[in-house]
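Some notes on the structure that comes next.
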Amino acid sequence: MIETFRAINNMKGYIKGQSIILTQPLPENIQDGDEVEVSLSVVTQKKYPFPTFNLEIKDEYIKREKIYESD
């Protein structure tokens, strides 16, 4: 007899090519070979009534250790 249970984990990620890249690690109760159901929803970015642009700041420069690094 196959037991079926439903655990709902909302995870976020993004599409790159034909792959889904998760931004969080998988839950520990999911193992290699487990069958999962994937549901996708497109998250639209908020439109502003004025022009915006990407600051293009590298993540490594936002880290506290990098900011307060002594020379």
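The values are calculated or read from the model by the stated rules, or taken from the named source; none is laboratory data. Quick caveat: nothing in here was measured; it's all calculated off a predicted structure. Cβ coordinates were reconstructed from backbone atoms using ideal geometry, including for glycine residues, and neighbour counts include every protein chain displayed. Each accessible area value is taken on the protein alone, full model and side chains, heavy atoms only, with ligands, DNA and RNA left out. Shrake-Rupley method; radii C 1.70, N 1.55, O 1.52, S 1.80 Å.
A few comments on the model shown:
- Counting protein heavy atoms only, the chain has 51 percent of its accessible area on carbon and sulfur, 1.4 angstrom probe.
- For the chain, a simple Cβ point-charge model (Lys and Arg +1, Asp and Glu -1, everything else neutral) yields a dipole of about 560 debye relative to the Cα centre.
- Positive contributions from Lys and Arg (+1) and negative ones from Asp and Glu (-1), summed over other residues with Cβ under 14 Å from the Cβ of E60, come out at 0.
- Residue-level accessible surface for I20, protein heavy atoms, 1.4 Å, Å²: 90 Å²
- Computed E for V38/I67 - FRET, C-beta separation, R0 30 angstrom, nearest 0.05: 0.20
- Percentage, to the nearest whole number, of Cα pairs in the chain over 15 Å apart: 76 percent
- Extension gain (nm, one decimal) between L55 and E28, 0.36 nm per residue minus Cα-Cα: 6.2 nm
- In summary, the lysines within cross-link reach of K46, defined as a Cα separation below 29 angstrom excluding same-chain residues under 8 places away, comprise K12, K16, K58, K63.
- For the range 18-33, Karplus couplings with θ = phi - 60° (6.51, -1.76, 1.60), whole Hz, Gly/Pro x: 10, 10, 9, 9, 7, 9, 10, x, 5, x, 5, 7, 9, 10, 4, x
- Residue-averaged 222 nm ellipticity for the chain, from DSSP H runs of 4+ at -39500 (n - 2.57), nearest 500: -1000 deg cm²/dmol
- Per residue, the accessible area of the chain comes to 119 Å², computed with a 1.4 Å probe over protein heavy atoms only.
- Listed residues K16, K46, K58, most fluctuating in the chain (Gaussian network, C-alpha, under 10 Å): K58
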